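One structure is given below, encoded as structure tokens.
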Amino acid sequence: MLAQPRSVLADRYELGPVIGRGGMAEVRTARDRRLGRTVAVKCFDPAGWATAHGRARFEAEARAGAAVSHPNVVTVYDVGVDQGMPFIVMERLSGRTLADELERGAAPIERVLDVMRALLAAVSAAHGRGVLHRDLKPGNVLLDDDDRPKLADFGIAMSADVTAGLTQTGLVMGTPAYLAPERVDGEPATVRSDLYAVGVMCYEALTGSRPYEGDSAVAVAYAARHAILRPIAALRPEVPAELAAVVCRAMARRPEDRFASASELADALEDAAVVRHAREVADETVPVEVNAPTAPTRVLRVRRRADPARSRRAPLAVLGGIVGVAILAGVFAFSHDTSALRVPRPSPPSQTKVTLPSGLQAPFDKLQAAVDK
């Protein structure tokens, strides 16, 4: 525990209870006398400030926090030193973190996607300013009163082009469970190592467990380097394969196999979300069952509705066709049977039946048969 600070810092910030504590600092709620608002003040251990390395760490965090301005990054209001105690003044949030939320187990998939969208937007803003966070984990993702995530604690952040000065030789900075394998091997932090940590958080939020476990930090680091990753589908089958594939790529052991930027990872997650939504819409389609409720669904042919006018025209079309055939038959008979030109004898007055030549009678018989039907 840090030495008890004064009740008022810099004659401006009235300190309240502790709302967070780390190895070298603690966070207190406070009231800004000048602006009349509630803030959070991070007070650093004066003993650390006494060393050149401690001062460099404090200044790096202050600069990084102030440089990254984004709705999903905790806002830094002020920075200073009061009687040897350095402090950073930030916006005051609820005090809850993503780690607190994940203690209840796996989160709903839509909630995971919402958190990752916000977190990746914050990481992208930091990387765009040349700042690597280097300690991305659920405990550093604060939640506001509306449960919206905000990235905090740039305590070991550094500029992407800094290769020495803040990290002691042979000392790996960061939380073991979220460290990329190359960081465990002593390689410097990169954009892809930050994204590896985001992938681990996404895995944890989806499954309710971390990808690699161990009895010690060394065991966890070794597992991240050599153990086989437990498939997300084995822990939570309802997670879409497309989403699981994106998370696994973000956690690839080789940096070159991961996403190259936070925006690229965000786009991949969004594509997976679109596919998931389309599949859910398709699954909600209710098939129409025919006959008994247990009968299999059948595809019914759509029969055109009868057109009354067309129905009336059908017999006429048949009649016209038959008459046409009769005419052709008559022409054929005329051309081959000259007896068709003979004038028949007058029938007796009582005779009403007319006998046609055989060549002309057959079509009319067919016509009569069609009418009788």
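The values are calculated or read from the model by the stated rules, or taken from the named source; none is laboratory data. Keep in mind that what you see is a predicted model, and the values were worked out from it rather than measured. Note that each Cβ is placed from the backbone with ideal geometry, even for glycine, and that neighbours are counted across all protein chains shown. Heavy atoms of the whole protein, side chains included, go into the accessibility calculation; ligands, DNA and RNA do not. Shrake-Rupley method; radii C 1.70, N 1.55, O 1.52, S 1.80 Å.
Of the set (1) surrounded by 18 or more Cβ atoms within 10 Å (Cβ to Cβ); (2) aliphatic (A, V, I, L, M); (3) farther than 30 Å from Leu243 by Cα; (4) under 37 Å from the mean Cα position of the chain (by Cα), all apply to Leu15 but (4). Looking across the stretch 214-240 at every residue that is in a loop (DSSP other than H, G, I, E, B) and more than 27 Å from the chain's Cα centre (by Cα), the one that is farthest from Leu102 (Cα to Cα) is identified as Ala227.
Are any of the residues in the stretch 171-178 open to solvent by 40 Å² or more (accessible area, probe 1.4 Å), of a type in the set (Ser, Thr, Tyr) and either closer than 27 Å to Leu142 by Cα or touching a residue at least 24 places away in the same chain (Cβ under 8 Å) (or both)?
Within the stretch 171-178 (the criterion being open to solvent by 40 Å² or more (accessible area, probe 1.4 Å), of a type in the set (Ser, Thr, Tyr) and either closer than 27 Å to Leu142 by Cα or touching a residue at least 24 places away in the same chain (Cβ under 8 Å) (or both)), the answer is no, since none of the residues qualifies.
The single condition among (1) out of contact with any strand residue (DSSP E or B) (no Cβ under 7 Å at 6 or more places or on another chain); (2) under 19 Å from Ser69 (Cβ atoms) that Gly105 does not satisfy is (2). Being in contact with a strand residue (DSSP E or B) (Cβ under 9 Å, 6 or more places away or on another chain) and either surrounded by fewer than 17 Cβ atoms within 10 Å (Cβ to Cβ) or within 30 Å of Ile232 (Cβ to Cβ) (or both) holds for only one residue in Arg28, Arg21, Arg92, Arg57, and it is Arg21. Looking at the stretch 60-118, which of the residues that are within 16 Å of Lys137 (Cα to Cα) and of a type in the set (Val, Ile, Thr) is nearest to the chain's Cα centre (by Cα)? Applying the filter and picking the extreme gives Val112.
Looking across the stretch 127-148, the residues that are open to solvent by less than 10 Å² (accessible area, probe 1.4 Å) and within 22 Å of the chain's Cα centre (by Cα) come down to Leu136, Pro138, Val141, Leu143. Scanning the stretch 3-29 for residues that are over 21 Å from Thr175 (Cβ atoms), not in a strand (DSSP E or B) and not small (Gly, Ala, Ser) yields Gln4, Pro5, Arg6, Asp11, Arg12.
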